[in-house]
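The structure appears below as structure tokens.
The values are calculated or read from the model by the stated rules, or taken from the named source; none is laboratory data. This is a predicted model, so every value here is computed, not measured. All Cβ positions, even for glycine, are placed from backbone atoms using ideal geometry, and neighbour counts span all protein chains on display.
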Amino acid sequence: LAAELDAVKLILLTDVEGVRDADGRLLSTIREQEIETLIKDGIISGGMIPKVRCCQSALAGGVGKAHIIDGRQEHAILLEIFTHEGIGTEIVK
């Protein structure tokens with residue numbers, strides 16, 4: 001849908017902060033070409049896989065960036081859009 005709407009950005013609200021590495025640190029940015037390795041290595045697993053695949057599909061459809069952020073955090077969308085550092089994990093080409 002995001003691609004069909006020519007969206008510049010897709011934001012997925014979820015109940016986790018974003019994608020975490022093997023040490024539990026939040027990954028602020030993931031490049032599209034890293035996704036398969038992160039899945040193979042078990043970094044992206046379980047319910048995060050369909051979220052990341054959705055973001056991957058949006059990027060393939062022309063969306064510029066996709067973000068996975070914690071919708072439980074107060075003002076999550078505003079923090080993502082209007083702060084330089086953002087929150088959650090962004091997925092880019």
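In segment 36-55, the residue that is nearest to Leu12 (Cα to Cα) out of those that are basic (Lys, Arg) and under 14 Å from the mean Cα position of the chain (by Cα) is Lys51. Any chance segment 17-30 includes a residue that's out of contact with any Lys or Arg (no Cβ under 7 Å at 6 or more places or on another chain), among the aliphatic types (A, V, I, L, M) and part of a helix (DSSP H, G or I)? No - not one qualifying residue is present in segment 17-30.
Provide a single number: the residues in segment 22-41 that are touching a residue at least 12 places away in the same chain (Cβ under 8 Å) and out of contact with any helix residue (DSSP H, G or I) (no Cβ under 9 Å at 6 or more places or on another chain).
6
Given the residues Leu59, Leu1, Leu79, Leu10, which is the only one that is more than 13 Å from the chain's Cα centre (by Cα) and either in a helix (DSSP H, G or I) or touching a residue at least 40 places away in the same chain (Cβ under 8 Å) (or both)? Of Leu59, Leu1, Leu79, Leu10, the one residue that is more than 13 Å from the chain's Cα centre (by Cα) and either in a helix (DSSP H, G or I) or touching a residue at least 40 places away in the same chain (Cβ under 8 Å) (or both) is Leu79. Determine whether Ile87 is of a type in the set (Val, Ile, Thr) and assigned to a loop (DSSP other than H, G, I, E, B). It is true that Ile87 is of a type in the set (Val, Ile, Thr) and assigned to a loop (DSSP other than H, G, I, E, B).
Rundown of residues vs (1) modelled with pLDDT under 95; (2) touching a strand residue (DSSP E or B) at 6+ places or on another chain (Cβ under 9 Å); (3) exposed (fewer than 11 other Cβ atoms within 10 Å of the Cβ), yes/no style:
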position	(1), (2), (3)
Thr29	no, yes, no
Glu36	no, no, no
Gly46	no, no, yes
His67	no, yes, no
Phe82	yes, no, yes
Thr89	no, yes, no
